[in-house]
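Visitor: The structure's right below; bear with me while I get my questions together.
The values are calculated or read from the model by the stated rules, or taken from the named source; none is laboratory data. All of these numbers come straight from a predicted model, not from anything done at the bench. Cβ sites come from the backbone with ideal geometry, for glycine too, and all protein chains shown count toward neighbours. In case anyone asks, the SASA skips ligands and DNA or RNA and just uses the protein heavy atoms, side chains included. Shrake-Rupley method; radii C 1.70, N 1.55, O 1.52, S 1.80 Å.
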Amino acid sequence: MRALLDCGDAPLMNGRAHPTAMSFLQSPPQLDNQYREDRLLVGYLRRTVPADLLRTLEPSLDEMGELAAGELYRQQLAEVRWEPRLERWDAWGRRIDRIEVTPLWRRAEEIAARSGLVALAYERPHGRFSRAYQFALVHLFTPSTDIYSCPLAMTDGAARTLVDSGNAALIERAVPHLTSRDPAQFWTSGQWMTETTGGSDVGRSETEARRDGEGWRLYGRKWFTSATTSPMALTLARPEGNPPGGRGLALFYLETRGPDGSPDGVLIERLKDKLGTRKVPTAELTLDGARAVPVRGLTDGVRNIAPMLNVTRTWNAVSAVALMRRAVALARDYADRRSAFGAPLSSKPLHLDTLAELQAQAEGAFHLAFRVVEILGAVEGGEIDPGGRALLRLLTPVAKLTTARQAVTVTSEALEAFGGAGYIEDTGLPLLLRDAQVLPIWEGTTNVLALDVLRVLSDEGTRAALEAEVAHLVIGAGSGEPAVAAAAGAAAVRSALRLLRETAESGPDASSAAARRIALGIGRGLEVLLAARHASWALAESADPRPLAAARRLAWSLRTARDEPGLDETRVLATDRLEEPAGQPVEGATT
Ligand code: MFK
């Protein structure tokens, strides 16, 4: 006790040392540079991006990785209890409807603009690789910025929709802001679709568009509007006299504030009290004569907003992957710091098995999401045939629904890897699960997207494009162990297509009841195929066994492969460390 009292900073209580001075304190998990220590992201970029181009991109990836692990992560933890605030009135009774976002959100906007997190997709400085570069940065940025990826996703979607619409006046007015790298000029966009009638059956929307001289004004109520701080939004409304249903809706552009900065017919009623994404200022709005401009004709609003949905669904998939990666990085670091029953968690076979499973799931999801990103980049550059377009249309909802469900499972399990600490708010860990839980819901629930997949698969050309993709990936996986895993992935996709055929014969009810199994079967099968192809490359390139361990584990989880993962490969995947430097390229692998 004397020694404790002598040591300068031991806290004193009534002359006695505070009990915490003597008791055990667990060190919290830490993050290293999120680019440099992301073996999967680095490997993926090395495999897919030309080496000389990657060398020019790496400094910015490295910088984002450093920010994400350092300053932004520290700020995120410091602000864990902060939330946006709505001020509806000023001191003198004027309606102002201002939302104050958190300091981290303000900082995230600036970093996003300067880093070109939206702009890159439109500047296309690296051709078809621009999308992969953009989403690699997004992958690093997302987990440390409290779902600021939400307004960015909608901004990217709005830019795509406006550019595709051919509406020259709106393109000239808004796109330079949406794609600006200057934070003072940069605008984010809202995507206001959901009304009290629901978020899935959008065709029932009640908002009316009324002519006002040469222009239009909107009247109605929007029930969930994400990130309601944006200066503009794309939204749906039914022009007077139009028929019911999605066809009778039109897509409108509006700006949320008048020239003097006051609310322009857009009233914010309240912020939503949500389970997660609590830093995202989601609001209920009344549109009371908001001035709006039709984007593309006065009908077919749902079809016309679809380009936005497809872009935001891609962001959703990348965000799911990014949250999983963060959860696994923290759990893995913690396994080395946390000792129980006399040894670190990282030495316990069952804990390693859990970590390996999380890593494998995150790895499969990464490949699926980034496959969509690759095809999107190629399609936007006009570099791909109609089969590629069909594949993109199919894989976008497949990736969104598959990765979103995985994100909930992986983040939940990762919290458990911290025991009780994972359940305590100011560790910052519960945020991962609560934020992940929105991913299967917004931008179309799992079931709504599964039905979309079913619709797309009714096209023979799309089914042929999927078969071609499977065949291409099987070849890419080469021979040996990667080929065995790839065969399991191919079998899963084909079995989903068989289920589609069989249920179609029994009628529409049977196929729609099976839609989720079909869509997830395709998603999980493709994840294995993509992971197997990457494994084959990694073995050939550097004899790195980790991607193969992930592919084999994913294949095993499809239950089409018979042999269980071995303990050695469990260890290597769980710790994501190679004890020995990589050896010789492995026979049977491809480059
Ligand atoms: C963190 C990253 C992500 C952040 C995002 C954050 C923002 C979140 C905010 C939101 O959640 S905004 C709300 C998102 N809402 C949705 O995603 C709606 C979900 N519901 C659906 O997707 C429904 O299936 C749908 C609204 C499309 C159903 O409406 P309808 O009126 O029954 O439309 P229908 O008949 O299915 O489709 C109309 C046309 O659009 C058809 O073409 P045709 O007119 O030529 O026949 C469809 O083929 C076409 N279409 C539908 N979805 C499409 C599409 N075309 C291309 N791509 C799609 N995805």
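Visitor: Considering only residues that are assigned to a strand (DSSP E or B) and either out of contact with any helix residue (DSSP H, G or I) (no Cβ under 7 Å at 6 or more places or on another chain) or not hydrophobic (A, V, I, L, M, F, W, C) (or both), which ones fall in the stretch 272-294? Step through it out loud before you land on a result.
Guide: First, the residues of the stretch 272-294 that are assigned to a strand (DSSP E or B): 283-294.
Residues satisfying the conditions are A283, E284, L285, T286, L287, D288, G289, A290, R291, A292, P294.
Visitor: While we're on this one: Taking A356 and the conditions (1) open to solvent by 30 Å² or more (accessible area, probe 1.4 Å); (2) under 20 Å from G422 (Cβ atoms); (3) among the small types (G, A, S), which numbered condition does it fall short on, given that it satisfies the others?
Guide: (1)
Visitor: Further question on the same structure: Taking E527 as the residue in question, decide whether it is of a type in the set (D, E, K, R) and open to solvent by less than 50 Å² (accessible area, probe 1.4 Å).
Guide: Working: of a type in the set (D, E, K, R): yes; open to solvent by less than 50 Å² (accessible area, probe 1.4 Å): yes.
The answer is yes for E527.
Visitor: Please go through the stretch 121-161 and pick out each residue that is more than 16 Å from the ligand (Cβ to nearest atom) and either in a helix (DSSP H, G or I) or open to solvent by less than 10 Å² (accessible area, probe 1.4 Å) (or both).
Guide: Selection gives Y122, E123, G127, R128, F129, S130, A132, Y133.
Visitor: Next up: Can you tell me which of Y44, Y35 is under 13 Å from R325 (Cβ atoms) and outside any helix (DSSP H, G or I)?
Guide: Numbers: Y44 fails: outside any helix (DSSP H, G or I).
Just one listed residue meets the conditions, Y35.
Visitor: Going through the stretch 448-495 one residue at a time, which ones are farther than 16 Å from L529 by Cβ and either of a type outside the set (D, E, K, R) or touching a His at 6+ places or on another chain (Cβ under 9 Å) (or both)?
Guide: V448, L449, A450, L451, V453, L454, V456, L457, S458, G461, T462, A464
Visitor: Further question: Does H351 satisfy the criteria of being modelled with pLDDT of 95 or more, more than 30 Å from D264 (Cβ to Cβ) and surrounded by fewer than 21 Cβ atoms within 10 Å (Cβ to Cβ)?
Guide: Working: modelled with pLDDT of 95 or more: yes; more than 30 Å from D264 (Cβ to Cβ): yes; surrounded by fewer than 21 Cβ atoms within 10 Å (Cβ to Cβ): yes.
In short, yes.
Visitor: Another question about this same structure. Scanning for something assigned to a helix (DSSP H, G or I), away from the ligand (no atom under 16 Å from the Cβ) and over 21 Å from L45 (Cα atoms), does the stretch 97-104 turn up at least one residue?
Guide: Scanning the stretch 97-104, I find at least one residue that is assigned to a helix (DSSP H, G or I), away from the ligand (no atom under 16 Å from the Cβ) and over 21 Å from L45 (Cα atoms), so the answer is yes.
Visitor: What's the number of the condition P307 fails, among (1) within 15 Å of the ligand (Cβ to nearest atom); (2) part of a loop (DSSP other than H, G, I, E, B); (3) not β-branched (V, I, T)?
Guide: (2)
Visitor: Quick test of your reading of the structure: D452 fulfils all but one of (1) within 15 Å of the ligand (Cβ to nearest atom); (2) in contact (Cβ under 8 Å) with a residue 60 or more places away in the chain. Name the failing condition by number.
Guide: (2)
Visitor: In addition: Only residues in the stretch 416-440 that are more than 16 Å from P143 (Cβ to Cβ) count as the first member; pair them with residues that are among the aliphatic types (A, V, I, L, M) and open to solvent by 10 Å² or more (accessible area, probe 1.4 Å), Cβ under 6 angstrom, at least 6 apart or cross-chain, and list the lot.
Guide: That search, which allows pairs on different chains as well, returns D426/V80.
Visitor: Here are some residues: L520, L449. Which one is closer than 29 Å to D385 by Cα, open to solvent by 30 Å² or more (accessible area, probe 1.4 Å) and not small (G, A, S)? Full working, then the answer.
Guide: Values: L449 fails: open to solvent by 30 Å² or more (accessible area, probe 1.4 Å).
Unique residue meeting the criteria: L520.
Visitor: Any residue at all in the stretch 106-118 that's open to solvent by less than 20 Å² (accessible area, probe 1.4 Å) and farther than 16 Å from M64 by Cα? Before you say what the answer is, go through the steps one by one.
Guide: Filtering the stretch 106-118 down to residues open to solvent by less than 20 Å² (accessible area, probe 1.4 Å) leaves 108, 112-113, 116-118.
Of the ones still in play, those that are also farther than 16 Å from M64 by Cα are none.
Within the stretch 106-118, none of the residues are open to solvent by less than 20 Å² (accessible area, probe 1.4 Å) and farther than 16 Å from M64 by Cα.
Visitor: May I pose another question? Which of the following residues is open to solvent by 70 Å² or more (accessible area, probe 1.4 Å), closer than 30 Å to L120 by Cα and touching a Leu at 6+ places or on another chain (Cβ under 9 Å): R278, R270?
Guide: On the way: R270 fails: closer than 30 Å to L120 by Cα.
It is R278.
Visitor: I'd like to know if the stretch 181-191 contains one or more residues that are away from the ligand (no atom under 14 Å from the Cβ) and assigned to a helix (DSSP H, G or I).
Guide: If we filter the stretch 181-191 for residues that are away from the ligand (no atom under 14 Å from the Cβ), which is where we start, we get 181-187.
Next, from what is left, pick out any that are assigned to a helix (DSSP H, G or I): none.
Checked against the condition, which is being away from the ligand (no atom under 14 Å from the Cβ) and assigned to a helix (DSSP H, G or I), the stretch 181-191 yields no hits at all.
Residue-by-condition table, conditions (1) at pLDDT below 95; (2) under 20 Å from M154 (Cα atoms); (3) among the aromatic types (F, W, Y):
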position: E255; (1), (2), (3): no, yes, no
position: P259; (1), (2), (3): yes, no, no
position: D264; (1), (2), (3): yes, no, no
position: K272; (1), (2), (3): no, yes, no
position: L298; (1), (2), (3): no, no, no
position: I305; (1), (2), (3): no, yes, no
position: V318; (1), (2), (3): no, yes, no
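Visitor: Right, next: Can you tell me which residue among R326, R291, R313, R337 is buried (at least 18 other Cβ atoms within 10 Å of the Cβ), more than 10 Å from the ligand (Cβ to nearest atom) and not assigned by TED's automatic domain parsing to the domain that holds L137? Quick ask: steps written out before the conclusion?
Guide: Values: R291 fails: buried (at least 18 other Cβ atoms within 10 Å of the Cβ); R313 fails: more than 10 Å from the ligand (Cβ to nearest atom); R337 fails: buried (at least 18 other Cβ atoms within 10 Å of the Cβ).
The conditions single out R326.
Visitor: Just to be sure I understand the filter: pairs with C-beta atoms under 7 Å, separated by 6 or more residues or on different chains, first member in the stretch 31-54 and at positive phi, second member not in a loop (DSSP other than H, G, I, E, B). Which pairs pass?
Guide: Once the first residue is at positive phi and sits in the stretch 31-54, no partner that is not in a loop (DSSP other than H, G, I, E, B) comes close enough.
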